[in-house]
Amino acid sequence: MAASPHTLSSRVMTGWVGGCVWYLERRALQESPRRFLHLLRNVNQQWVTFQHFNFLRHMYVTQLNRSFSQQIKPKPEPVASPFLEKASLDEAKAEIYEMRPLSPPSLSLSRKPNEKELIELEPTPVIEGSIAMGTETKEEKQWKEMKLRVDDLPGILARLSKIKLTALVVSTTSAGFALAPVPFDWPCFLLTFVGTGLASCAANSINQFFEVPFDSNMNRTKNRPLVRGQISPLLAVSFATCCAVPGVALLTWGVNPLTGALGLFNIFLYTCCYTPLKRISIANTWVGAVVGAIPPLMGWTAATGSLDAGACLLGGILYSWQFPHFNALSWGLREDYSRGGYCMMSVTHPDLCRRVALRHCLALVAMSAAAPALDVTTWTFPVIALPINLYISYLSFRFYRDADRKSSRKLFFCSLWHLPLFLLLMLTCKRPAAQGDAGGPQS
């Protein structure tokens, strides 16, 4: 009969020590099944014990069997990145790799040929081509000064002078000249037309020169010539000077000193007051409206040589028209103006922006009724101009009530056709010139 473990231990160790060992072994053999059963009964409550057991078992196996650790695979040879290849197939350079001719007798069937014996590529062209491509991509990423071509210069200068805005300024000046109660003088009109256009080009160019760091942050103005570096700041200032000096000279000595003084004052007001004020206060909108109201005054003074009630009425019409026009435009560009750091009414005071637009649309109705009272038009004009004035007032009310992009867009596009139609109706209803005023403009 086989001896139990505790009897073997007691035979080896005699005396008091052997008796203690025998007692501990017997106690362990008796209590182990009970503990194991107790552990199985409480498996739901003691699930952390099994996790610990599995963790210890894995640690034991890992420490015991070192050979189970994963072997690190050698890193493959670096391959030329496909992103270095040029996009255009025409510009890609084909590299031909020559293969050495194989002699059939040199290859025996009894042994496996080496790769070096089969194909030998020349790695030098690959490395040189990759380095050359990498150098080209680095050079393409670097900033390069744009070369100015003579063919592109007229278009660049047209965008520098804001040719569309200049056309609007010249058209309102022409309307003021034509509405003056004097006979139409073609030489004086042409001098006024050219002088006002040159003054407007100068003011717009200086405005872009000052706003280059801020225009680069706006989506609406980031493609302007100075922002993109198509022309140098020195060329922009030189162009503005070449426009301002002859423009003011034509208006002063070719037309009359009053018109020349108004042109010079408008350049100063636009570049030195309105432009820096755009980043300081919302009062820039009212200053900008005064800038837009001066061109019809210049046309009137060019024809009559004086400022009277009719000239002030035309200036007031242009002054009020600009608020629904610009406030509706700036409402859709609030994110752009805020990103550029401009202090606009639509950004900081949105309620005031809509309220002012509605207020000045209603003012257009009142000024239309004042035109025949000041002997500028006949009484037919306020009647036929009432529908378009009511329509723009309605759209302004919708903009005031809804305060969304859709209503602001409708008001802006309405203002684009409202002003030329309004001035055209004034010209058709112009009061005939009196016989005593046939002398022409005063110098």
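Structure data summary
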| quantity | calculated |
| --- | --- |
| Unit charges on C-beta of K, R, D, E only; dipole of region 308-431, Debye | 320 |
| Difference of contour (0.36 nm per residue) and Cα-Cα distance, residue 378 to residue 194 | 63.2 nm |
| Under-5 Å amide H pairs with residue 377, H placed in peptide plane, nonlocal only | 431 |
| Part-to-part distance (alpha-carbon centres) for region 242-312 and region 187-205, which is given in Å | 11 |
| Packing-based ranking, highest mean first, of 290-297, 241-248 given that Cβ atoms within 10 Å are counted | 290-297, 241-248 |
| Within-12-Å neighbourhood charge of residue 341 [Cβ basis; K, R +1; D, E -1] | 0 |
| Added length on full extension, which subtracts the Cα-Cα distance from 0.36 nm per residue, residue 151 to residue 309 | 52.2 nm |
| Relative packing of peptides 420-427, 307-314 - highest average C-beta neighbours within 10 Å first | 307-314, 420-427 |
| Gap separating the Cα centres of region 335-353 and region 370-384, nearest whole Å | 37 |
| Gyration tensor (alpha-carbon) shape descriptor, region 258-297, a/c threshold 1.5 | oblate |
| Environment charge of residue 382, counting only residues whose C-beta is closer than 14 Å and scoring Lys/Arg +1, Asp/Glu -1 | +1 |
| Relative contact order %, region 295-443, counting alpha carbon pairs below 8 Å whose residues are six or more apart | 30 |
| Restricting region 188-258 to trypsin sites (Lys or Arg not before Pro) in coil, as DSSP defines it, with at most 15 other Cβ within 10 Å | 220, 222 |
| Extension reserve of the residue 265-residue 237 stretch, reckoned as 0.36 nm per residue once the Cα distance is removed | 8.2 nm |
| Selection from 249, 181, 277 lying farthest towards where the dipole of region 150-306 points positive, charges on Cβ | 277 |
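Computed from the coordinates by the stated procedures, all read-outs in this text should not be read as laboratory data. Bear in mind that the values here come from a model prediction, so they are computed numbers and not experimental data. No Cβ is skipped: glycine too gets one built from the backbone with ideal geometry, and neighbour counts run over all protein chains shown.
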